[in-house]
Amino acid sequence: MSPNPRVKRAILVAAGASLALIGGVLLWSPAGKADASPTPAASAGFTAVAAGDIAEQCTASSSGCKHPKTAALVQQINPSFVMTMGDNQYDDARLKDFKNYYDKSWGAFKSKTRPVAGNHETYDPAGALAGYKSYFGSVAYPDGESYYSFDQGNWHFIALDSNSFDDDEQIDWLKADLAANGKKCVAAYWHHPLFSSGEHGNDPVSRPVWKLLHANKAELVLNGHDHHYERFAPQDPDGKADANGIVEVLGGMGGANPYKIEEVQPNSQKRLTKTFGVVKLNFTDTGFSWNLVATDGSTKDSSPSYSCH
């Protein structure tokens, strides 16, 4: 799955060049800058895209339909892979709805999408996650479960199913997966955020998972569920600022109707609602940063650069 360094550089250059054509705005990631300069090989990296809460029941024929516009942005960026953070298809995530809506936009890069399920995937009348599993198949169930992991470069990525965090089997699997990991940097993603300033607010369901990730020096957690964008400073599972803690990014602006900001949480550094777009993540062998790219091609937020623990 990992391209060689020359291919990685080509991906980053292509992404920057393509985005420069959108609205006349030049979007150039920190990773791209690092690769363009004579720096050590350790700074070589790759780009990924993340978003959650994506496909309303509409198509590009409707001017108010947002998920085709966020999908077009992903196509322009051309990342190494795509992470979706749940609620991929509204309202009940039936297979026919995946085919009629999600597939006509984000389905264009289905083969390199690494999805997780949200609560809406559990509402399918055919059974919880039935349409999700039928549509994504082995992409979402590479090991026969709704949670899995994969590696890219010096990074280990863990895709989890927060609908079943009370499942001892998933937690045991996560413990074993973290113990077996040989990569320097760790990122994890699922649907329900532990911390959120939005309408759903904090969801303690993932605190045990945060504790495992924090104990194993993970760097990054990506979530959806609340339909807004938010980034947090590094913190521990109890919400205390921690320079060696985990950075959480909430990216629920993939196409669903936006939610309000209700109660700003400690360590929240940036919040945006009514902004549709994707999180463009820039990974190197030693760290990461990201940009929030809106559907008009503009960069609405740029993160600090973080080093792996």
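Numerical summary
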quantity: Sole exception among (1) surrounded by fewer than 19 Cβ atoms within 10 Å (Cβ to Cβ); (2) part of a helix (DSSP H, G or I); (3) over 15 Å from the mean Cα position of the chain (by Cα) for residue 110, by number; calculated: (3)
quantity: Selection count where residues are small (Gly, Ala, Ser), in contact (Cβ under 8 Å) with a residue 40 or more places away in the chain and in a strand (DSSP E or B), scope the stretch 142-186; calculated: 1
quantity: Within the stretch 266-309, considering residues that are in contact with a Lys or Arg (Cβ under 8 Å, 6 or more places away or on another chain), over 28 Å from residue 217 (Cα atoms) and hydroxyl-bearing (Ser, Thr, Tyr), the one surrounded by the most Cβ atoms within 10 Å (Cβ to Cβ); calculated: 295
quantity: Residues that are under 19 Å from residue 227 (Cα atoms) and among the β-branched types (Val, Ile, Thr), drawn from the stretch 263-305; calculated: 264, 273, 275, 278, 279, 293, 295, 299
quantity: Criterion violated by residue 72 - all others in (1) over 25 Å from residue 287 (Cα atoms); (2) assigned to a loop (DSSP other than H, G, I, E, B); (3) under 17 Å from the mean Cα position of the chain (by Cα) satisfied; calculated: (2)
quantity: Cβ-Cβ under 6 Å pairs, at least 6 apart or on other chains, the stretch 119-140 side aromatic (Phe, Trp, Tyr), far side in a helix (DSSP H, G or I); calculated: 132/121; 135/95; 135/98
quantity: Neighbours by Cβ (under 7 Å, 6+ apart or cross-chain): first from the stretch 79-108, modelled with pLDDT of 95 or more; second among the charged types (D, E, K, R) and in a loop (DSSP other than H, G, I, E, B); calculated: 87/53; 90/56; 92/124; 93/124; 94/124
quantity: Meets criteria (under 22 Å from residue 117 (Cβ atoms) and of a type outside the set (Val, Ile, Thr)) for residue 214; calculated: no
quantity: Total residues in the stretch 200-215, condition under 14 Å from residue 309 (Cα atoms) and surrounded by fewer than 17 Cβ atoms within 10 Å (Cβ to Cβ); calculated: 1
quantity: Matching entry among 238, 226 (being part of a loop (DSSP other than H, G, I, E, B), among the charged types (D, E, K, R) and surrounded by 23 or more Cβ atoms within 10 Å (Cβ to Cβ)); calculated: 226
quantity: Test: residue in the stretch 120-128 that is over 19 Å from the mean Cα position of the chain (by Cα) and either in a helix (DSSP H, G or I) or among the β-branched types (Val, Ile, Thr) (or both); calculated: yes
quantity: Residue match in the stretch 97-106 (condition: closer than 27 Å to residue 62 by Cβ and in contact with a Cys (Cβ under 9 Å, 6 or more places away or on another chain)); calculated: yes
quantity: Residue in the stretch 252-309 that is nearest to residue 75 (Cα to Cα), counting only those that are of a type in the set (Lys, Arg) and in a loop (DSSP other than H, G, I, E, B); calculated: 274
quantity: Of all residues making up the stretch 43-69, the number that are assigned to a helix (DSSP H, G or I) and surrounded by fewer than 24 Cβ atoms within 10 Å (Cβ to Cβ); calculated: 3
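The values are calculated or read from the model by the stated rules, or taken from the named source; none is laboratory data. Predicted model, so just to flag it, every value in this text is computed and none were measured. Quick reminder, even Gly has a Cβ in these numbers, built from the backbone with ideal geometry, and neighbours come from all protein chains shown.
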